[in-house]
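Worksheet for the structure shown next.
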Amino acid sequence: MSRSLQWSIWHSLMRVCLMVEGQEGVTWPEWLALASACEELGFDGLFRSDHYQSLHGGMAQGALDAWTTIAALAARTERIRLGTLVSPVTFRHPAVLAKSVAAVDHVSGGRVEIGLGAGWYEREHRAFGLSFPARGERLEMLGEQVEIVHRLLDPAERVVTFLGKHYRLEDCEALPAPLQRPHPPLILGGEAGSRSSRLAVRWADEYNVFFCSPARCREARLRLDEECVKAGRDPSTLPLSLMTGVVVCADAAALSLRLKRVMDLRGESGSPGSGIEHLLGRGWIVGRVEQVLEQMAVLAAAGISRVMLQLLDHDDRESLELLGREVVTGAATL
């Protein structure tokens, strides 16, 4: 099967994944419960952030290492896809990261994906003694890492030599090769600017935008299409996904309670009513099940083929049930 046909079939329907901010105190028993729920409820996959420190509570919240967690979950699940959104270039050497991804691909039976980004959270870098270069240098590192990781995960690349500004590999034969063909999917993201779009067109299998309105999603899709055409790539082979927050409920009363919980987790004050407008304005998906499906239909029309729904309250089993039994099923018809 050609790469174009494989990806056009895989992304022909709106798929729904769960996105968990793992640095906010998610314990190993909670990870197991989340993964089990995703398997049971029909989610396409479970993605997690890659941070070492809480974004809200400082050092008070625990953060299990992203790739160690994914590897462990790979051995305890059978169906869902697993990956990061996204792994910063500052955390790991690209050759080491590629080896981790390949290992998880074998453990999972070919269900891993890798999201890569330049990194942004300076405080955790200082706390853990990690280098945090200027943004321009991190973007240079990202460009080199994407090529290295892609080539090391591609079974067609038997031996990789790379001589760059930030990384050097000499006759690197990364065996065993991953199970997935043509390779584990590589996700890049951002705002679909010219630099990241060109990089994605060259190396990525998916482009991810985050907390975007349908209008901004549509603009990103058009820019990616233009860059694909310039590079001679079929735009259908570079699907567009969205990572955004979600608050879903069965009725208006439950919505107010759930919004208040999310606002508390985000350290925000105010009324749930104002919170709805605030979150919708920031690209969140909010409302009763039918409203959520309406919002997702608009996103599908804007070019989104997969959504990674960020459930900030990872103990909220009721929302998980609603998402799985109502939203995941409904999204498959969009």
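What does the charge add up to near Met243, with Lys and Arg as +1, Asp and Glu as -1, over the other residues with Cβ less than 12 Å from its Cβ? Overall, the nearby charge balance is 0.
Computed per residue of the chain from DSSP H runs no shorter than four, each worth -39500 (n - 2.57), the mean residue ellipticity at 222 nm is -13000 deg cm²/dmol.
Run the Debye formula on the Cα coordinates of the chain, all scatterers equal and no solvent, and tell me log10 I(q)/I(0) at q = 0.11 1/Å. Taken in order of the listed q values, log10 I(q)/I(0) reads -0.70.
Asp264 exposes around 80 Å² of accessible area when a 1.4 Å probe is run over every protein chain in place.
Can you send over the carbon and sulfur percentage of the accessible area for segment 1-152, probe radius 1.4 Å, protein chains only? Its accessible area is 57 percent carbon and sulfur atoms. Summary of the geometry: segment 231-300 and segment 19-39, compared by the centres of their Cα atoms, lie 20 Å apart. The convex hull around the C-alpha trace of segment 113-170, projected and averaged over every direction, spans 4.9 square nanometres.
Computed over segment 24-114, the P(r) curve from all C-alpha pair distances, binned at 10 Å from the origin, holds 17, 49, 30, 4 percent per bin.
Which net charge results for the neighbourhood of Glu78, defined as the other residues with beta-carbon distances under 13 angstrom from its beta-carbon, given Lys and Arg at +1 and Asp and Glu at -1? List each step's numbers first, then the result.
Working: positive: Arg76, Arg79, Arg81, Arg111; negative: Glu39, Glu40.
Residues close to Glu78 contribute a combined charge of +2.
Overall dimensions of segment 197-312, expressed as equivalent-ellipsoid semi-axes from the Cα gyration tensor (√(5λ), whole Å, largest first), are 32, 13, 10. Pairs of C-alpha atoms in segment 69-147 farther apart than 20 Å represent 38 percent of all such pairs.
Annotation: aspartates and glutamates with alpha-carbon distance below 12 angstrom to Lys260 (same-chain offsets under eight excluded): Glu268, Asp313. Partners of Lys165 within straight-line reach, counting aspartates and glutamates whose Cα lies under 19 Å from its Cα and excluding those fewer than 8 residues away in the same chain: Glu137, Glu140, Glu144, Glu147.
Relative to the current alpha-carbon distance between Arg181 and Ala215, full extension at 0.36 nm per residue lengthens the span by 8.9 nm. In plain terms, the chain from Asp313 to Arg123 could stretch by 66.1 nm, reckoned as 0.36 nm per residue minus the Cα-Cα distance.
The values are calculated or read from the model by the stated rules, or taken from the named source; none is laboratory data. All figures in this text were calculated on a predicted structure; none of them were measured in a lab. When we count neighbours, we look across all protein chains shown, and the Cβ atoms used for this are built from the backbone with ideal geometry, even at glycine. SASA here: full protein model, heavy atoms, side chains in, ligands and nucleic acids out. Shrake-Rupley method; radii C 1.70, N 1.55, O 1.52, S 1.80 Å.
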